[in-house]
Amino acid sequence: MHKIAFYDTKPYDREWFEKSEHPDIEFVYFEHKLDKDTAGFSKNCDGVCAFVNDTIDKDVINILHDQGIRIIAMRCAGYNNIDFKEAYKKISIVRVPGYSPYAVAEHAMGLLLCLNRKIHRAYFRTRDFNFSLNGLMGFDLHGRCVGVVGTGKIGQVFIDICRGFGMDVIAYDPYPAKSTDICYVSKEELFEKSDIISLHCPLTEETRHIINEKSLGMMKDGVYIINTSRGRLIESESLYEAIKSGKVKAAGLDVYEEESDLFFEDCSDRIIRDDVLKLFLSLPNVLITSHQAFFTSEALSNIAECTINNIMAYFNGEALDNEICYGCISGKKDGICHKKEKGRCF
């Protein structure tokens with residue numbers, strides 16, 4: 001029996017992991033996020049299951065390693081919260097790369113539709129028996145140009161949805177998808193031509209604050225911006241100023257760069273000290289959801305199943321298909337990726 005410390009547990013996490021339970025795995029559930037103060041909870045465990053807003057830095061890696069932890073199973077696709085340099089040759093890290101691209105892409109379109117047709121405002125208006133249409137006018141999506149940044153699985157599904165609406169699609173990705181008819185352009189051309197920009201790329205050094213004062217200045221007046229990827233893709237203060245000036249007509253944000261202590265939590269009885277977030281929430285043309293784009297029954301089922309399979313593959317000595325290949329980040333020996341030979345980074 002392999003005992004796994006499960007951090008940042010929510011009721012829905014436990015429900016779906018218990019539905020997918022494995023006879024050789026025992027999850028020990030903790031409501032606390034993983035950080036240097038809680039890493040000790042995993043003592044006497046064989047592995048750790050973590051999430052997108054957990055802190056997996058140098059201190060945490062070394063605490064876990066000293067306790068005998070050799071596997072961290074991320075139950076998400078993102079991994080920008082992990083210190084890979086410190087983890088290399090100490091702890092193997094696996095993830096869930098594609099739990100449901102439809103869930104995230106559909107949520108992105110939902111944000112766009114809601115903002116464009118003012119559905120969120122109409123909902124509250126009619127509940128007060130106000131049936132006026134003043135201020136609720138939108139525009140036809142048909143024929144509009146949407147710029148998609150990132151054309152992995154989620155980005156490609158979003159492109160298909162946009163084409164279903166009759167939209168013109170252009171895309172930017174430094175690694176274009178092969179065997180597709182996607183119209184790729186430079187990011188500068190995408191910023192200049194798009195009526196709507198939707199972000200579907202990972203957070204890297206190259207994409208951090210890809211939406212900033214300079215790139216916002218290239219965009220059309222009245223552009224719509226949708227982000228269901230990572231909060232730090234957008235420089236929040238610059239976006240707020242662009243919305244305030246009217247440069248950006250509306251923004252749909254499922255992620256926020258300072259979300260880690262807020263999103264997924266009930267903060268209704270707390271004073272929120274993030275002034276930028278409070279300003280965003282005060283604007284009628286900004287729609288914020290709490291990192292819920294992934295949140296469908298199909299996605300949760302896939303996350304649980306894939307995470308358990310990743311854990312068992314590690315303990316059974318099998319190749320780790322979903323291991324993050326961070327050995328290459330630390331430097332290949334002789335220019336060779338040894339994962340291809342052994343099925344693992346180390």
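The values are calculated or read from the model by the stated rules, or taken from the named source; none is laboratory data. These figures come from a predicted structure and were not determined experimentally. Neighbour counts are summed over all protein chains in view; Cβ atoms, including those assigned to glycine, are modelled from backbone coordinates with ideal geometry. Areas reflect the complete protein model, heavy atoms only, side chains present, ligands, DNA and RNA absent. Shrake-Rupley method; radii C 1.70, N 1.55, O 1.52, S 1.80 Å.
If you check residue 86 against the conditions, is it under 22 Å from the mean Cα position of the chain (by Cα) and acidic (Asp, Glu)?
no
Is it the case, given these coordinates, that residue 268 is assigned to a loop (DSSP other than H, G, I, E, B) and either more than 30 Å from residue 97 (Cβ to Cβ) or open to solvent by 40 Å² or more (accessible area, probe 1.4 Å) (or both)?
For residue 268, the condition - assigned to a loop (DSSP other than H, G, I, E, B) and either more than 30 Å from residue 97 (Cβ to Cβ) or open to solvent by 40 Å² or more (accessible area, probe 1.4 Å) (or both) - is met.
Looking only at region 132-183, filter to residues that are polar (S, T, N, Q) and in a loop (DSSP other than H, G, I, E, B); which one of those is nearest to residue 103 (Cα to Cα)?
151
For region 142-160, enumerate the residues that are open to solvent by 10 Å² or more (accessible area, probe 1.4 Å) and within 28 Å of the chain's Cα centre (by Cα).
142, 144, 145, 152, 153, 154, 156, 157, 160
Looking at region 118-131, which of its residues are within 21 Å of residue 106 (Cβ to Cβ) and assigned to a loop (DSSP other than H, G, I, E, B)?
Selection gives 118 alone.
Would you call residue 71 open to solvent by 50 Å² or more (accessible area, probe 1.4 Å), touching a helix residue (DSSP H, G or I) at 6+ places or on another chain (Cβ under 6 Å) and of a type outside the set (Asp, Glu)?
no
Looking at 154, 210, 161, which one is of a type in the set (Val, Ile, Thr) and touching a strand residue (DSSP E or B) at 6+ places or on another chain (Cβ under 8 Å)?
On inspection, the qualifying residue turns out to be 210.
Can you work out which of the residues in region 191-223 that are of a type in the set (A, V, I, L, M) and assigned to a helix (DSSP H, G or I) is surrounded by the most Cβ atoms within 10 Å (Cβ to Cβ)?
The qualifying residue surrounded by the most Cβ atoms within 10 Å (Cβ to Cβ) is 216.
In region 16-37, is there at least one residue being aromatic (Phe, Trp, Tyr), within 26 Å of residue 318 (Cα to Cα) and out of contact with any strand residue (DSSP E or B) (no Cβ under 7 Å at 6 or more places or on another chain)?
Checked region 16-37: at least one residue is aromatic (Phe, Trp, Tyr), within 26 Å of residue 318 (Cα to Cα) and out of contact with any strand residue (DSSP E or B) (no Cβ under 7 Å at 6 or more places or on another chain).
Taking the conditions exactly as written (polar (S, T, N, Q) and in contact with a Leu (Cβ under 7 Å, 6 or more places away or on another chain)), does residue 180 satisfy them or not?
When the stated conditions are applied, residue 180 does not pass them.
Can you find a residue that is modelled with pLDDT of 95 or more and over 23 Å from residue 80 (Cα atoms) anywhere in region 251-262?
yes
What do you reckon, is residue 47 more than 30 Å from residue 226 (Cβ to Cβ), open to solvent by less than 20 Å² (accessible area, probe 1.4 Å) and in contact (Cβ under 8 Å) with a residue 12 or more places away in the chain?
It is true that residue 47 is more than 30 Å from residue 226 (Cβ to Cβ), open to solvent by less than 20 Å² (accessible area, probe 1.4 Å) and in contact (Cβ under 8 Å) with a residue 12 or more places away in the chain.
Among the residues of region 96-121, what is the count of those that are open to solvent by 30 Å² or more (accessible area, probe 1.4 Å) and modelled with pLDDT of 95 or more?
9
What's the total number of residues in region 7-27 that are open to solvent by less than 40 Å² (accessible area, probe 1.4 Å) and not basic (Lys, Arg)?
The total comes to 8.
Which condition breaks for residue 52 when tested against (1) open to solvent by less than 20 Å² (accessible area, probe 1.4 Å); (2) closer than 20 Å to residue 100 by Cβ; (3) modelled with pLDDT of 95 or more?
(3)
Please return the ranges of strands (runs of 3 or more DSSP E) entirely within region 1-66 where 3 or more residues are more than 15 Å from residue 303 (Cα to Cα).
2-6, 25-29
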